[in-house]
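Some notes on the structure that comes next.
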């Protein structure tokens, strides 16, 4: 299992293995699931209260379906750990955070200084996402 | 013959493998033969070239003529702005491109 | 036009810092080319046929003289003294160095410009009507809505890794001057029965390998739901657009394969959900933006008559000057299509001259059209003659707007690594064949468009006459199509038959115009005659000559 390199939560990470979306519904005590790009994140909505960890797999960083999956979960009120795994690179970290990811398990380790720079670079954002950051239009109009 | 071409990473200039390094001039291109893949891998990893690939070419009239018109235009420059090509002073420079 | 506030300025400045850092990491080897490529594309930097090419954004085709001047200076300082205006209202520079690209972006920020998302699998520059704010037939100025969408789409975290590029056009008149229905999303600002403004949405248009005209997907979206509805359209595309095949990854394929009704159903479902998420800017934000596009301080006593005694001026007046909503004013198109020239190219000196002319004659405003010309939107009729004289002196006075000499051509194989054939020499030959003003005047409105490959950046599918460059066993060859149109009567051109070599296609174009002239009735344009008599008479004439070298 690939190590979680970055984590922005104060609670303890769960140790449960993440099972597939297909299997998740059947296993009524499972608390961790892994979403592949072709999965429909909304299939998990009935189970949000027992979910502690959702991994979203990025087999290739260019496949952006995981960003929508993340936002859908956060918009539905999911508050557990939302972890980006796979081809997770420095220059996508900020967008991933904005979509609701709060931990990252990249298949190749990231330079910590580059990661810090990427995550702290943008003071403002043009769009409202469920991450709670006020959009520029909100700041303009109080 | 099989020649190698790509772009300089920083300047973007079109370059050709001349046996030792990367030349701006297609006439310096050498036959990379079955070393082509190995050279491409080494040179790309070292960032001495970017986006490089192997193409067919023939040696003729003292120059090297890439098989495909696209690479011949890369070698010369835009045919509609001869003043911006590698040899703007030479009116015959583009005669082999098309 | 829109002016940045401190937030907008901070965003472009931050973007430059980000790209500077990404470029450094690429040059030092911390990023592979595969990892760097999407990043540089989202800053407009292509690796093209001869060098890096930079595409600078000109949002909805509008700019002021200070911005235009900087575009000219960039051509001199970093490039080879010229720029190319594109079919999406942007400008391109062909000889850029990677290690200078961040400096160019920094220079652009000093005049509120950027190259954000002008390439890559993301939402691109939002285009609009080049006569916005000046045309008599528009409901409102469409550009405030384009600006709202520009900000919404910039650095959108969910939509910067789409299956493919995404192009949006916004208009506000029934006369579509922006080829709106050939976009991934096209928006027309309309009024409902209650007299309220809203947006009519079209989705799934495009050209390329599989040209399609966008069906309407919603008749009316209230203005205070514009962003939410757009977000729903994009989310469905991001989730379900094809990612298995680059040539089937645009939204037009998704809409076609799902069927319009199913795509609409999915968007409406997502829209209903997103309405609960509070992602829409308050209406106060639109109200903040709209005044930037208020009418300039027109001289309301400006005379409406023009002295036509100079016949060359009269020709240009009739061809290149369009009626303005304000009496005493005119909308001027500066042709970047001189006879035998390179369509859309302008030298640094010409660009700076046009900047000065925009400042002096058009309330400091210019437009770039998707036909690769420049517009001065608000010129007093009393100033037209002086303006024309200055344009003439600089080679910018060609009187050929929407005529056969006003060719749209992509850069083609002379500049573009995607191309199969050169398009510019062909444009030059056609331009020279039809150079005589009487000949052009007799033919009248004829929109001829050339693409060097099936990606159709020259919009050939929408040409009254369209030409597509193909690779025929390593030799350049050209297909001819007739009957395309990009206006409210959008239609896709139909191929005539076997292709031609470069000389053959010029002859074929001439043969087609001769068929038109022999058959036209009343005030028919080429397109009207073609639609009335059909392909057969054209085909007969085009292929009646000696053996085709196709």
Label-to-label distance, nm, for residues given as residue C:390 and residue A:133 (7 Å Cα→Cβ offset): 4.4 nm
B:72, C:239 arranged by Cβ crowding within 10 Å, fewest neighbours leading: B:72, C:239
Inter-centroid distance (Cα atoms) of the stretch C:249-304 relative to the stretch A:18-61, Å: 34 Å
For the stretch A:100-142 and the stretch C:77-124, distance of Cα centres in Å: 26 Å
Ranked C:137, C:406, criterion: other C-beta atoms within 10 Å, fewest first: C:137, C:406
Shape call, the stretch A:6-140: gyration tensor on alpha carbons, a/c limit 1.5: prolate
Label-reachable residues, the stretch C:482-509, where backbone N falls under 19 Å from a point 7 Å from residue C:517's Cα toward its Cβ: C:504-509
Separation of the residue C:196 and residue B:41 label points, Cα + 7 Å toward Cβ, nm: 6.4 nm
Most mobile listed residue (A:80, A:25, A:66) in chain A, GNM with C-alpha springs under 10 Å: A:25
Solvent-free Debye scattering, log10 I(q)/I(0), computed from the Cα coordinates of the stretch A:69-142 at q = 0.13, 0.20, 0.21, 0.25 Å⁻¹: -0.42, -0.90, -0.97, -1.17
Residues of the stretch C:195-217 with amide N under 16 Å of the 7 Å Cα→Cβ point at residue C:256: C:203-216
For residues of A:64-73, the mean tally of beta carbons on other chains within 10 Å: 6
Sequence ranges C:263-270, C:294-301, ranked by mean other-Cβ count within 10 angstrom, highest first: C:263-270, C:294-301
Residue order, fewest to most beta carbons within 10 Å, for C:68, C:212: C:212, C:68
Structure-based [θ]222 nm, chain C - -39500 (n - 2.57) summed over DSSP H runs of at least 4, per residue, nearest 500: -11000 deg cm²/dmol
Tensor-based shape of chain C (alpha-carbon gyration tensor, a/c under 1.5 rounded, otherwise prolate or oblate): rounded
The stretch C:193-239: C-alpha gyration tensor shape, a/c 1.5 cut-off, then a/b vs b/c: oblate
Rounded to whole Å, sorted largest first: equivalent-ellipsoid semi-axes of the protein assembly as shown, Cα gyration tensor: 43, 34, 26
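A short reminder: the numbers here are calculations on the coordinates, not readings from a lab. Remember, it's a predicted structure, so these values are computed and weren't measured experimentally. Using ideal geometry, Cβ is built from the backbone for each residue, glycine included, and neighbour counts are taken over all protein chains shown.
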